[in-house]
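Step one of this worksheet: look at the structure below.
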Amino acid sequence: MSKTFYITTPIYYVNAHPHIGHAYTTIACDTIARRHRMLGDDTWFLTGTDEHGQKIERAAQAAGKTPQQFTDEVSAEFRALWQRMGLTHDDFIRTTSDRHKQGVQALWRKIRDNGFIYKGTYTGQYCVSDELYIDGIGPGDPCPDCGRPTETVSEENYYFKLSAFQDQLIRLYTEQPDFIRPETRRNEVLAFVRSGLRDLSISRSTFSWGIPVPDDPKHVVYVWLDALANYITALGYGSSDTAKYEKFWPADVHMIGKEIVRFHCVYWPAFLLAAGLPLPKCITAHGWLLFEESKMSKSRGNIVRAETIVDTLGADALRYFLLREVVFGHDGSFSFDALVQRYNSDLANGLGNLASRTLTMINRYFKGEVPYPSNAAHAASDDAIADAAKKTIADYGALFDQYQFSRALETAWTLVAAVDKYIVENEPWALDEKKDEESRARLATVLYTSAEALRIVTALAHPVIPDATARIWAQLGLGEIQKFDLAQLKWGQLQLGTKLGEVQAVFPRADKSAIERMQKMEEQNASGATGVSPVQPSAATSSAAPAKPEAAAKTAAAISDGKISIDDFAKVELRVAQVKTAERVKGADKLLRIEVDLGTEVRQLVAGIAEAYEPEALIGRKVVIVANLAPRKLRGLESNGMIVAASPEGGKPVLASFLEDVPVGTRLK
C-alpha cells in the first residue's frame with residue numbers, strides 16, 4: 001500500500017500579477033510532488049489564491065471594478081501561468097469559493113464553541129498592506145514589518161485567545177525541531193513566542209469584502225484566519241464529503257516564503273489546537289529572490305515575469321536555475337546574465353551535450369541500438385563510472401529529501417562531468433577507426449556505460465526539468481519517464497539492444513541575444529506595452545543599474561578614442577581550461593579540433609593553431625579560453641569558445657599560459 005503525501009504552496013494574494021517570486025515557491029512544490037509520485041506515493045499538491053481583505057477591496061476600487069471582478073481576473077492569471085508552465089497541482093483553491101467559505105465558517109464555529117473566541121474593541125494603528133494591527137506605535141508611525149504608513153482605527157472585533165497557547169507552542173517547537181525549517185526560522189519563531197503572545201483580533205467590521213462571521217454578519221473573518229484555513233477547506237473540511245481530508249490531513253509540508261513565517265508557525269497551529277485538529281508535520285520557509293539586494297515586489301517595481309523566461313529559454317531553464325542557483329532557505333540573487341550562464345554551462349553544455357554526443361555515437365556506430373558491453377573489454381574506468389552513479393543515486397535522494405536542491409543537482413551534474421571526462425579519455429571515435437574486434441568491444445562498453453549513466457541522471461533530474469528529461473528518456477528508447485519507479489533506480493537497468501528514438505538537441509545553446517530579448521520584454525512590460533498594469537522601471541529590467549550622467553559621458557569619450565570601458569571588458573569571460581584531446585581537422589591545414597576541461601564541463605573548440613602545435617603536444621596543457629563567446633561552425637564543427645593566443649605579425653600563434661599552477665575553471669580578472 002502506497003503512503004500519502006500532501007504538499008501546499010501558500011495561496012497567493014491577488015493584489016499583484018504573478019511573477020517569478022510566486023513561481024519559485026510553486027516550482028519547488030511541483031518538483032517535490034513529482035518526485036513523490038515517481039517514488040510511488042499517493043500525492044496531493046495544492047495551490048491557489050487569497051482574495052479577501054481591505055487591500056483587495058481598495059485595489060479593486062482603484063481599478064474601477066468590483067472586488068469579485070478584480071479577483072476573478074488576477075486569479076485566472078495565476079491559473080493560466082501555472083498551466084503554461086506545466087505545473088502539476090491537483091487542486092487550485094480560491095478563498096472566494098463557496099467550499100472555502102463553508103469550511104472557514106465551520107472552523108470558526110469549532111474554535112468559538114471550544115471557548116477560544118470573545119468579543120472586544122480595538123483602537124490603535126492598523127497596517128492595511130499586512131492586514132495587521134500594530135501595537136506599540138503611534139498615529140502616523142510606519143509599520144515595523146513593511147515600512148508603509150499605518151492608519152488609526154477604532155472598531156469592535158472578535159478576539160482569538162492566542163495567549164492561551166504560548167506554552168503549547170513552545171513545547172511544539174522544542175519537542176519537534178523539524179516542525180519549522182530551516183533552523184534559523186525556528187529560532188526566530190521561538191524567540192517571538194517566548195517574548196509573550198497577545199490575543200489576536202480575528203474579525204473586521206470597517207469593510208465588507210470577506211467571509212461573514214457566523215451568526216454576526218456585520219463582521220468579516222480576519223483575512224489570515226480565512227486564508228490559512230485553505231489547507232483544510234480544499235480537502236473538504238466543513239463539508240459533507242470529508243474523505244479527502246481524512247486521507248491527506250495533516251499536510252506533510254506547507255511551503256512558504258520567510259515573510260509569512262509568523263502567520264503559519266504561530267497563528268495557524270494555534271487555530272488548529274483551538275479547534276482540536278491535527279497539526280501539519282512540517283512548515284518549510286524559503287528565502288527571497290533579490291534584485292539589487294531588494295526583495296522582488298510590485299511596489300518596488302522590480303518584478304520579472306516567469307513568462308519572459310519561459311518564452312525565451314523554456315520552463316525547464318527557469319526551474320533548473322531557481323533550484324540550482326539558490327540555496328533553498330536562503331535569499332538568492334536573480335539576473336538574466338546568471339540565468340543564461342547557468343543554462344549554457346549546465347544544460348546546453350552539460351546534460352544536453354552528454355545526451356547528444358552519447359546517443360549520436362550509438363546511432364552512428366551501432367545503428368541506433370544500445371550496444372552490449374564486453375567483459376573482455378572491461379576497464380577500471382568503467383567501474384569508476386558505475387560506482388559514481390550508485391553514489392549519486394544515494395546522495396541525490398538524501399539531499400533532495402532535505403530540500404537541499406542545489407547540492408542534489410550539483411551531485412548529479414558531477415556525474416555528468418565525470419562521464420564527459422570518461423568519453424574524452426576513452427576516445428570512442430578513435431576506437432571506431434581501428435575496426436578490430438577488440439576495439440569494437442571496447443567501443444560498445446564505453447557507449448553502454450555512458451548511456452546508462454545518462455539514464456540515471458535523466459531519471460533523477462526529471463522532477464526538476466520534466467520536459468527535457470522526458471525527451472531524453474524517449475530518445476533512449478525508454479517510453480514515458482513518468483511511469484518509471486524511481487524507488488527502484490539502480491545501475492545496469494538499461495536493456496541491451498534497446499532501439500533509440502529520434503535523437504534531437506534538447507537544450508540549444510543560448511547567446512547574448514537571449515539576455516537582450518528578455519530585458520526588452522521586461523522593459524516593455526514595465527512601460528505597459530504588453531497590456532499588463534505598468535510598474536516603475538527598475539534594475540530588474542537590466543543586468544546593471546542605469547548609468548549616472550557623468551559615467552555615461554566618460555564612456556562615450558572612451559569609445560570615441562577607441563578604448564573600451566571596464567564594463568565592456570568585464571563582459572569577456574576568460575577561464576583556465578585543460579586540453580583533454582586534440583586532433584587535426586581533415587582538409588584544413590591550420591585547424592585543430594580540441595576538447596578542453598573547464599572543471600564543470602568539457603567543451604569542443606576549433607582553433608587555428610595547427611601550424612604551431614602538434615596535437616599530441618597539447619594534451620594536458622592548461623590554456624586560456626574565452627568561455628562566453630557565442631558558438632560558431634568551422635568546417636562543419638561547432639566551436640564553443642576561443643583559445644587565447646598571441647599572434648605576432650607574420651609569425652605563428654603562441655598560446656597564453658601560466659608559470660604557476662592554476663586550477664582548471666579559474667576565471668581570469
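The values are calculated or read from the model by the stated rules, or taken from the named source; none is laboratory data. This one's a predicted model, so the numbers in the text were calculated from it and none came from an experiment. We place every Cβ from the backbone using ideal geometry, glycine too, and count neighbours over all the protein chains shown.
Annotations for the structure displayed:
- If you check D395, D387, D432, D383 for being modelled with pLDDT under 95, at negative phi and either within 27 Å of the chain's Cα centre (by Cα) or outside any loop (DSSP other than H, G, I, E, B) (or both), only one passes: D432.
- For beta carbons closer than 7 Å, sequence separation of 6+ or different chains, a first residue in segment 365-379 that is in the same structural domain as D436 (by TED's automatic domain parsing) and among the β-branched types (V, I, T) and a second that is buried (at least 18 other Cβ atoms within 10 Å of the Cβ) and not in a loop (DSSP other than H, G, I, E, B), the qualifying pairs are V370/I362; V370/Y448; V370/A451.
- Extreme residue, nearest to W209 (Cα to Cα), among residues of segment 107-129 that are in a helix (DSSP H, G or I) and of a type outside the set (D, E, K, R): W108
- Scanning segment 38-92 for residues that are assigned to a loop (DSSP other than H, G, I, E, B), free of Cβ contacts under 8 Å to residues at least 40 places away in the same chain and within 28 Å of Y245 (Cβ to Cβ) yields one hit, D41.
- Just one of the listed residues (A23, A28, A33, A63) is at pLDDT below 95 and of a type outside the set (F, W, Y), namely A63.
- Candidates L443, L431 - the one that is touching a helix residue (DSSP H, G or I) at 6+ places or on another chain (Cβ under 6 Å), buried (at least 22 other Cβ atoms within 10 Å of the Cβ) and free of Cβ contacts under 8 Å to residues at least 60 places away in the same chain: L431
- Residue list for segment 601-630, restricted to those being surrounded by fewer than 18 Cβ atoms within 10 Å (Cβ to Cβ) and either in contact with a His (Cβ under 9 Å, 6 or more places away or on another chain) or among the β-branched types (V, I, T) (or both): I619, V626
- Search result, residues across segment 382-400 that are under 17 Å from L431 (Cβ atoms) and either crowded, with 21+ Cβ neighbours inside 10 Å or touching a Phe, Trp or Tyr at 6+ places or on another chain (Cβ under 6 Å) (or both): I385
- Selection status of S129, surrounded by 15 or more Cβ atoms within 10 Å (Cβ to Cβ), closer than 20 Å to R58 by Cα, at pLDDT below 85 and among the small types (G, A, S): yes
- When segment 1-48 is filtered for residues that are of a type in the set (A, V, I, L, M) and buried (at least 20 other Cβ atoms within 10 Å of the Cβ), the ones remaining, listed by number, are I7, I11, V14, I20, A23, I27, A28, I32, A33, M38, L46.
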